[in-house]
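Asks: The structure that follows is given in the form of structure tokens.
The values are calculated or read from the model by the stated rules, or taken from the named source; none is laboratory data. Predicted, not measured: the structure shown is a model, and the values here were computed from it. Every residue, glycine among them, receives a Cβ derived from its backbone with ideal geometry; neighbour counts consider all protein chains shown. Keep in mind that these areas ignore ligands, DNA and RNA; they rest on the heavy atoms of the full protein, side chains included. Shrake-Rupley method; radii C 1.70, N 1.55, O 1.52, S 1.80 Å.
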Amino acid sequence: MRRLAIVALLVSSGASARTVIRHDDQGASADVVSVRGKLTGNIATLRIGLSMMIDEPGYATVIDNIPIPSTAVVTGATVRRNGVAHRLELVTAESATKRWGELGLSETEADQVAPGSRRNAVLVEGGSGQVTVSIATPRSGRLDLELELSMQTCFHRDARYVVLPTEWALHVRGLRTIAKPSEDVMASCSLAEEGTVVAFPAPEVAKRPSGDRIGAFAARLDAGGDHFVRVELDLAAELTEVPTDLATVLVVDGSRSMSAEDRDAQRELVVSYLRNAKASRVQVIAYARTARPLLPGWTAASTAANRVDRELRALAPRNGSNLDAGLAEAGAWLERIEGTRRVVVVSDELLPLRLQDQAPVTLKRALPAGTLVHVVATNGSPGIFREDGSLLSTLAAATDGISVRVGKGGANDKAIDATMLVRPITIDQLEVTSPGWTQFHPTSEIPACGITGEVDIAEGDACSWWGHGDAHSGPIAIAGLMWGQRVTRVLRPDPSHGLEVARELSVSATSFEPALKDRIDKLARAINPQWSMYAEWGGTGGYFEGVGLGISGMSSCCHTGGSFSSSPSIGIGTMGRGIPPEDLSAQLAPAVAACKLGEAKAHADIEMTELEVVGVTVGVDGDVTNPHELRRLQSCIEDAIWDSSPMLARPLSHSTHKASFGA
């Protein structure tokens, strides 16, 4: 069976554009004509339509290396010929190879079969990133093949994403493709730069009440004593909403110890807060030795921003850092109003000792019960970030607020965004508690929860967590902080989704020991080293096997990025019999020349499947008495041959060839 390299052609001619995968030597080509799909839970199911034109009927027409997404598995296939559909059966790779081989007859047997009574057969096999289609047919003409693919998706901002081969772009039907994904999508989903990005709407989490827009689930796989769990945590694009009855007093530091950078950071933070909470009511209190309001009364934030910006720019620094006076004034204003009460207090932390030693419960007594307090410390790095160890952080923690630090200046200086003080936009210090489970990472491309223990996750983002355990491994708890309030989800891994776990591990886990990887591949029930798909229909007769015997062998057809346990099919039937080995000396001589044989001679036997080198044996002749030199020459020649790509006049499923070198 001859396998030539496949050429993917993208023809841009309006409605007639098509993607062609061609195998000219056997007279067969395949056109990608449609790509459809749907989302079920977190799994995308795709249907890829291929139209194949068989110009020369016969045995072992092969369309090699049809690309599929590297994270997808083929879970079904249907072939349609002359208006009749034939569903391919999922069978073991060994059984598929046997059934395909049984179509092969000797020349005498094949001559006795009437041409019209030969059977049709289609074999689909492969691994991660590609599949191979082998076709036996007594008639030329069109044959349509639909592949069903299943693949894990990545969640980001109320949508789920997958990456498809670039050449499929013109054939996507009913799906939203994104020409230029944002940097956030690329980073959050670890998407490859090349490919067609498809987005599926996923609004389920976003429809939940404010503060509860967290999706968490866990799927479990029993792999024969080894249990695996996949946990996913999804946050809606807007984790929370600003309360409609919000009233905030912003208490700002007007003391002389504030630096120019501190005052700029404070002003930007306050103005940003007002612009992000524009439907709420606000008052701004400046404190030094005493405290005073900067607004005449409670004011809508949307109209207060510009005035507050001017007031803060004109604020004259004074002696005194009596923050308690500012809190007392804030409490007095909050007593006059109903609704959700909040205080944002800013300080450079240069306070009198009496306030530094004061317990947070004492400071919050100045405020009405139920008031939430955010604490902001200046003198930080450029930007705004959570810091639970600041001087007044215990005040924030005592009221379920958050403590942050802000700063201005430096090469990375940007405008301060105070959204995280207006409403929770992250779950911080995320921890996974997993008794009986050991965390592992099947691939570095999957954003992981808790790689280094505690992590933060922003709204709109997602993370996954993988665990390896046994039958006794139990529930998994995920906990974190939303501002100062602890949020916990306890998950009982669902074994009904074990098939999804097996399929994802089948393409992503490359470090498992072979026996375990084989078990997982079997449980995946999709095309991989353990499974193929096969269909036969029509007559009862076979074909002359000869040179065209179409047994591809899993290992020889596809490179999966992992380790295949199955071996290439070698020596089945009569393939290659009577065909002399080719002399590859001339092709390999330039590569071997670097080994500098001198007066020595060498010979090599090269074992090949198709155009792939699968075995090399080298012998060195001549007067080479130094054992170190002998080993060097053998090793150098072997490496040179392994790194070469010899071409054969007649590539076979298995063949052995000769080469000789030297004087």
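Asks: In region 639-659, what residues are outside any loop (DSSP other than H, G, I, E, B) and open to solvent by 60 Å² or more (accessible area, probe 1.4 Å)?
Replies: Our first condition is that a residue be outside any loop (DSSP other than H, G, I, E, B); within region 639-659, this holds for 639-642, 655-659.
Those that are outside any loop (DSSP other than H, G, I, E, B) and open to solvent by 60 Å² or more (accessible area, probe 1.4 Å): D639, W642, T656, K658.
Asks: Restricting to region 176-213, what's the tally of residues that are hydroxyl-bearing (S, T, Y) and either over 22 Å from V33 (Cβ atoms) or more than 22 Å from the chain's Cα centre (by Cα) (or both)?
Replies: Going residue by residue through region 176-213, those that are hydroxyl-bearing (S, T, Y) are 177, 182, 188, 190, 196, 210.
Then keep just the ones that are either over 22 Å from V33 (Cβ atoms) or more than 22 Å from the chain's Cα centre (by Cα) (or both); that gives 182, 188, 190, 210.
Matching residues across region 176-213 total 4.
Asks: What is the number of the single condition among (1) open to solvent by 20 Å² or more (accessible area, probe 1.4 Å); (2) without any contact (Cβ under 8 Å) to a residue 60 or more places away in the chain; (3) touching a Lys or Arg at 6+ places or on another chain (Cβ under 9 Å); (4) not charged (D, E, K, R) that A359 does not meet?
Replies: Result: A359 passes all but (3).
Asks: Mind checking which residues of region 362-391 are touching a residue at least 60 places away in the same chain (Cβ under 8 Å) and assigned to a loop (DSSP other than H, G, I, E, B)?
Replies: T378, N379, G380
Asks: Select from region 321-353 the residues that are farther than 21 Å from D388 by Cα and basic (K, R) and write down the one among them that is surrounded by the fewest Cβ atoms within 10 Å (Cβ to Cβ).
Replies: For region 321-353, the residue satisfying everything is R336.
Asks: Return a yes/no flag: does region 541-552 have any residue that is under 42 Å from the mean Cα position of the chain (by Cα), outside any strand (DSSP E or B), modelled with pLDDT under 95 and of a type in the set (S, T, Y).
Replies: Looking for residues that are under 42 Å from the mean Cα position of the chain (by Cα), outside any strand (DSSP E or B), modelled with pLDDT under 95 and of a type in the set (S, T, Y), one finds at least one in region 541-552, hence yes.
Asks: Every residue in region 518-530 that is within 20 Å of T97 (Cβ to Cβ), in contact (Cβ under 8 Å) with a residue 60 or more places away in the chain and either outside any strand (DSSP E or B) or out of contact with any Asp or Glu (no Cβ under 7 Å at 6 or more places or on another chain) (or both), please. Don't jump to the end; show me each part of the working.
Replies: Taking region 518-530 as the starting set, the residues that turn out to be within 20 Å of T97 (Cβ to Cβ) are 518, 521-522, 524-530.
Applying the additional criterion that residues be in contact (Cβ under 8 Å) with a residue 60 or more places away in the chain yields 524-530.
Of everything in region 518-530, those that are within 20 Å of T97 (Cβ to Cβ), in contact (Cβ under 8 Å) with a residue 60 or more places away in the chain and either outside any strand (DSSP E or B) or out of contact with any Asp or Glu (no Cβ under 7 Å at 6 or more places or on another chain) (or both) turn out to be A524, R525, A526, I527, P529, Q530.
Asks: For R313, which of the numbered conditions (1) open to solvent by 60 Å² or more (accessible area, probe 1.4 Å); (2) more than 19 Å from V376 (Cα to Cα); (3) charged (D, E, K, R) fails to hold?
Replies: (2)
Asks: Also, I was wondering about something else. Taking into account only those residues within region 90-99 that are touching a Ser or Thr at 6+ places or on another chain (Cβ under 7 Å), outside any strand (DSSP E or B) and not hydroxyl-bearing (S, T, Y), which is farthest from E536 (Cα to Cα)? Explain how you work it out, then say what you get.
Replies: Start the filter on region 90-99 by keeping residues that are touching a Ser or Thr at 6+ places or on another chain (Cβ under 7 Å), which leaves 91, 93, 96-97.
Keeping just the survivors that are outside any strand (DSSP E or B) gives 93, 96-97.
From the residues that got through so far, the ones that are not hydroxyl-bearing (S, T, Y) too are 93, 96.
Working: A93: 16, A96: 11 Å.
Checking each candidate, the answer is A93.
Asks: Further question: Return a yes/no flag: does region 587-607 have any residue that is without any contact (Cβ under 8 Å) to a residue 60 or more places away in the chain and β-branched (V, I, T).
Replies: Yes, region 587-607 contains a residue that is without any contact (Cβ under 8 Å) to a residue 60 or more places away in the chain and β-branched (V, I, T).
Asks: If I go through region 477-517 residue by residue, how many of them are part of a strand (DSSP E or B), of a type outside the set (V, I, T) and farther than 30 Å from L149 by Cα? I'd like the intermediate steps shown before the answer.
Replies: First pass over region 477-517, keeping only residues part of a strand (DSSP E or B): 477-482, 485-491, 494.
Imposing the further condition that a residue be of a type outside the set (V, I, T) reduces the set to 477, 479-482, 485-486, 489, 491, 494.
Next, from what is left, pick out any that are farther than 30 Å from L149 by Cα: 477, 479-482, 485-486, 489.
Adding up the residues that qualify gives 8.
Asks: Can you pull out the residues in region 468-480 that are touching a residue at least 60 places away in the same chain (Cβ under 8 Å) and surrounded by 14 or more Cβ atoms within 10 Å (Cβ to Cβ)? Show your work before the answer.
Replies: Of region 468-480, the ones touching a residue at least 60 places away in the same chain (Cβ under 8 Å) are 468-471, 473, 476, 478.
Listed by number, the residues that qualify are H468, G469, S473, I476, I478.
Asks: Under the condition of being touching a Lys or Arg at 6+ places or on another chain (Cβ under 9 Å) and either in a strand (DSSP E or B) or aromatic (F, W, Y) (or both), which residue from region 600-616 is nearest to R650 (Cα to Cα)?
Replies: Step one: list which residues in region 600-616 are touching a Lys or Arg at 6+ places or on another chain (Cβ under 9 Å), which gives 603-606, 610-611.
Imposing the further condition that a residue be either in a strand (DSSP E or B) or aromatic (F, W, Y) (or both) reduces the set to 603-606.
Values: H603: 22, A604: 19, D605: 17, I606: 15 Å.
Selected residue: I606.
Asks: Based on what the data block shows, is I520 at pLDDT 95 or above and over 14 Å from V131 (Cβ atoms)?
Replies: yes
Asks: Looking at region 408-432, which of the residues that are closer than 18 Å to A260 by Cα and of a type outside the set (G, A, S) is least open to solvent (accessible area, probe 1.4 Å)? I'd like the intermediate steps shown before the answer.
Replies: Of all residues in region 408-432, those closer than 18 Å to A260 by Cα come to 408-416.
Restricting the remaining residues to those that are of a type outside the set (G, A, S) gives 408, 412-414, 416.
Values: K408: 42, N412: 125, D413: 62, K414: 150, I416: 11 Å².
Applying the filter and picking the extreme gives I416.
Asks: Have a look at G129, G116, G141 and point out the one that is open to solvent by 10 Å² or more (accessible area, probe 1.4 Å) and farther than 30 Å from P165 by Cα. Let's see the steps before the verdict.
Replies: Working: G129 fails: farther than 30 Å from P165 by Cα; G141 fails: farther than 30 Å from P165 by Cα.
Exactly one of G129, G116, G141 is open to solvent by 10 Å² or more (accessible area, probe 1.4 Å) and farther than 30 Å from P165 by Cα, namely G116.
Asks: May I pose another question? Somewhere in region 195-208, is a residue open to solvent by less than 30 Å² (accessible area, probe 1.4 Å), on the phi < 0 side of the Ramachandran plot and among the basic types (K, R)?
Replies: No, there is no match, as no residue in region 195-208 is open to solvent by less than 30 Å² (accessible area, probe 1.4 Å), on the phi < 0 side of the Ramachandran plot and among the basic types (K, R).
Asks: Taking into account only those residues within region 481-503 that are open to solvent by 50 Å² or more (accessible area, probe 1.4 Å) and more than 25 Å from the chain's Cα centre (by Cα), which is nearest to T153 (Cα to Cα)?
Replies: Keep residues of region 481-503 that are open to solvent by 50 Å² or more (accessible area, probe 1.4 Å), which gives 485-486, 488-490, 492, 494-497, 499-500.
From the residues that got through so far, the ones that are more than 25 Å from the chain's Cα centre (by Cα) too are 485-486, 488.
On the way: Q485: 30, R486: 28, T488: 24 Å.
The extreme case among them is T488.
Asks: Would you say G561 is modelled with pLDDT under 75, at positive phi and surrounded by 15 or more Cβ atoms within 10 Å (Cβ to Cβ)?
Replies: On the way: modelled with pLDDT under 75: yes; at positive phi: yes; surrounded by 15 or more Cβ atoms within 10 Å (Cβ to Cβ): no.
Answer is no for this residue.
Asks: Right, next: Just checking, does region 53-67 include any residue being in contact with a Lys or Arg (Cβ under 9 Å, 6 or more places away or on another chain), more than 30 Å from G174 (Cβ to Cβ), loosely packed, with under 15 Cβ neighbours inside 10 Å and not acidic (D, E)?
Replies: No, region 53-67 has no match at all.
Asks: Quick one: R173 ticks every box in (1) open to solvent by 60 Å² or more (accessible area, probe 1.4 Å); (2) within 17 Å of the chain's Cα centre (by Cα); (3) in contact (Cβ under 8 Å) with a residue 60 or more places away in the chain bar one, so which box is it?
Replies: (2)
Asks: Here's something else I'd like to know. I'd like to verify a number: residues in region 576-620 that are basic (K, R) and either farther than 30 Å from F544 by Cα or open to solvent by less than 80 Å² (accessible area, probe 1.4 Å) (or both), how many? Spell out how you get there, then give the answer.
Replies: Initial filter on region 576-620 (basic (K, R)): 577, 596, 601.
Remaining after also requiring either farther than 30 Å from F544 by Cα or open to solvent by less than 80 Å² (accessible area, probe 1.4 Å) (or both): 596, 601.
Selection size over region 576-620: 2.
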